[in-house]
Structure formats: structure tokens, C-alpha cells
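Note sheet for the following structure.
The values are calculated or read from the model by the stated rules, or taken from the named source; none is laboratory data. Everything numeric here is computed off the predicted structure, so don't read it as measured data. Neighbour counts run over all protein chains shown; Cβ positions are idealised from the backbone, glycine included. Note: areas computed on protein heavy atoms with side chains; ligands, DNA, RNA excluded. Shrake-Rupley method; radii C 1.70, N 1.55, O 1.52, S 1.80 Å.
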Amino acid sequence: MRVLVIGKRSIIANYFKLKFKKKFQIKKISFAQSKKISKNQINKFDWILNCAFKKNTNNLRNNPDLLILNKIKNTTTKYIMMSTSKVYGPKKLKIFNEETKCTPRSSYGRIRLNTEKKLLKSINDRVLILRLSNVIIYNPKNSKNNFNTIDQMIYNLKNYGHILLPKNNIIKDFITLDFLTKNIFILIKKKKVGIYNVGSSIKLSLEQLAKIIIKRFGKGRIVKKDYQTDSFLLSNKKLVGITKIKINKKDIINSINNLKI
């Protein structure tokens, strides 16, 4: 199986290649390189896994998914879009499944849902859309605009000695990098397409997460502020039914404790 991975600096892309380079023929390129790659070159690959990330870009020039879509419309290459749970929109704590109506309020959620629709309309039988929950990754090189939950917590802890949390108890869905990449590997092997949630359905509050990170860092405190963020869990029944890969709370906590802070 020949897989083209886009996202040269992506932690997910690098981990996937490292883990499965003996299973697949993997070539990894940057987003800049993907802009220049020809349709003939792309057609040599069975799958494209796009890990390139450009937040809030919906135009053809800057949206990696739409750029590649334009190049693979008339090929047989299958495509993997790394989407987000944000497409479901904010609701009271609820377990979202793939049939849940999507009503995103954030611009990011709307853009990603719109991108999903364009892919499905154009290459419906060749696209695998993964709606990801929060992947336990810490990237100190990320800019503030691209911070994930953990990036933000660690940044505040290192620079201000505290982690800011909302006053309300917020539950989030988290997955490990290993869980994510193993599932992608199996889905590719089984040649699956369609929409899949990639989540754990495990309740972990932001306060629990913050306490684990503070203990791992060795110092710091939690400061509660009056602001809102969404609570959510993703149903992974459809995914587990195909890949048989399970995840538990211990896996998630161990992954947090193994972060290089």
C-alpha cells in the first residue's frame, strides 16, 4: 500500500510514518510541496493522509483539503481528511455519534463541516473523514493561534505559573496519539471510507487534566475564570466495530504523564 502523508512538521504525520513505515510505502511531504505536486505523481499513491493544518482557511489556495481535492478528482486515490468534533457544535454534555446533526457555531467548526461536504460531494466513494476528539499532543513550537487544550495549559503554566479553567465543570473527550494512528492504519488496510468519530467516550474533566499536568510539571496552580467552553464526548462504537481497538482512562493518563514538558 502506497501512502502519501502531508504535513512534514505534524506530530501525527511523523508518528504515523515512524510506526508504520515497514507496513506501508510511506512518503511524507510538506503542505508547500503538496501545492506543487502534479496529478500524475499523486496518482501513484493508493491513499493520501492529510495532516497539514491551517486554521480558518476555506479557500482553495490555503485550505489543504480543497487543494488536494482539486488534484485527485479524476484519480483513483483515496483521501483521508482529519476533521474535528467541532463540526457538531456546542451542546449540553452529550455523546455525539456520526448521525448527530451538525450545527457548529465556531468559524472553525463551520469551515471544517463545509470542507467535509465538498469532499463528500466530489469523491464520496474515496474519502475517509475522521472527526477527531482532543489528541494528547504537546507541541511547544505551536503558535498561540494553533494551540490545542494541552498546549494552552502548559504555556500558561510555564509563563504564568497557573492554568486557567472555567468555573463550570467541563468534560472533554481525549485520545492518545497511538490510538489515533493505529485506527488510521486499520481503516486504510480495510479500505474503509465514510465518516468515523475517533474518540474515547471517556469522561475526563479539564480540572482532572490540569491537576495531572501540574503534578507532572512539579509546580503551579489552577485559577478559575468566568468563561464558557463546550463539554462533549464522542461515540466510537462505529470505529471500534471495524478496528477492534479500545482505549481506557489509564492509557490517556499515562499518555499525559509521558508528555515532554
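For residue 40, work out the one condition from (1) assigned to a helix (DSSP H, G or I); (2) surrounded by 13 or more Cβ atoms within 10 Å (Cβ to Cβ); (3) at pLDDT below 90 it doesn't fulfil.
Just one mismatch for residue 40, condition (2).
Can you pull out every residue in region 17-34 that is open to solvent by less than 90 Å² (accessible area, probe 1.4 Å) and either within 14 Å of residue 52 (Cβ to Cβ) or without any contact (Cβ under 8 Å) to a residue 60 or more places away in the chain (or both)?
Within region 17-34, 17, 26, 28, 29, 30, 31, 32, 33, 34 qualify.
Criterion first (hydroxyl-bearing (Ser, Thr, Tyr), open to solvent by 10 Å² or more (accessible area, probe 1.4 Å) and without any contact (Cβ under 8 Å) to a residue 24 or more places away in the chain) does residue 138 satisfy it?
Against the criterion (hydroxyl-bearing (Ser, Thr, Tyr), open to solvent by 10 Å² or more (accessible area, probe 1.4 Å) and without any contact (Cβ under 8 Å) to a residue 24 or more places away in the chain), residue 138 does not qualify.
With respect to residue 186, is the statement that it is in contact with a Ser or Thr (Cβ under 8 Å, 6 or more places away or on another chain) and surrounded by 13 or more Cβ atoms within 10 Å (Cβ to Cβ) true?
Yes: the conditions hold for residue 186.
Please state which of the following conditions residue 211 fails to meet, knowing it meets all the rest: (1) surrounded by 15 or more Cβ atoms within 10 Å (Cβ to Cβ); (2) more than 22 Å from residue 91 (Cα to Cα); (3) among the basic types (Lys, Arg); (4) in contact with a strand residue (DSSP E or B) (Cβ under 9 Å, 6 or more places away or on another chain).
(1)
From (1) open to solvent by 40 Å² or more (accessible area, probe 1.4 Å); (2) within 24 Å of residue 235 (Cα to Cα), pick out the condition that doesn't hold for residue 179.
Every condition holds for residue 179 apart from (1).
Going by what's in this entry, would residue 45 be described as modelled with pLDDT of 95 or more, out of contact with any Asp or Glu (no Cβ under 7 Å at 6 or more places or on another chain), surrounded by 13 or more Cβ atoms within 10 Å (Cβ to Cβ) and assigned to a loop (DSSP other than H, G, I, E, B)?
Considered against the rule, which asks whether it is modelled with pLDDT of 95 or more, out of contact with any Asp or Glu (no Cβ under 7 Å at 6 or more places or on another chain), surrounded by 13 or more Cβ atoms within 10 Å (Cβ to Cβ) and assigned to a loop (DSSP other than H, G, I, E, B), residue 45 comes out as yes.
Taking residue 165 and the conditions (1) out of contact with any strand residue (DSSP E or B) (no Cβ under 6 Å at 6 or more places or on another chain); (2) within 22 Å of residue 204 (Cα to Cα); (3) surrounded by 15 or more Cβ atoms within 10 Å (Cβ to Cβ), which numbered condition does it fall short on, given that it satisfies the others?
Single failed check for residue 165: (1).
If residue 159 satisfies all but one of (1) touching a residue at least 24 places away in the same chain (Cβ under 8 Å); (2) open to solvent by 60 Å² or more (accessible area, probe 1.4 Å), what's the number of the condition it fails?
The single condition residue 159 does not satisfy is (1).
If I ask for residues that are under 24 Å from residue 140 (Cα atoms) and part of a helix (DSSP H, G or I), which ones from region 221-261 would you list?
251, 252, 253, 254, 255, 256, 257
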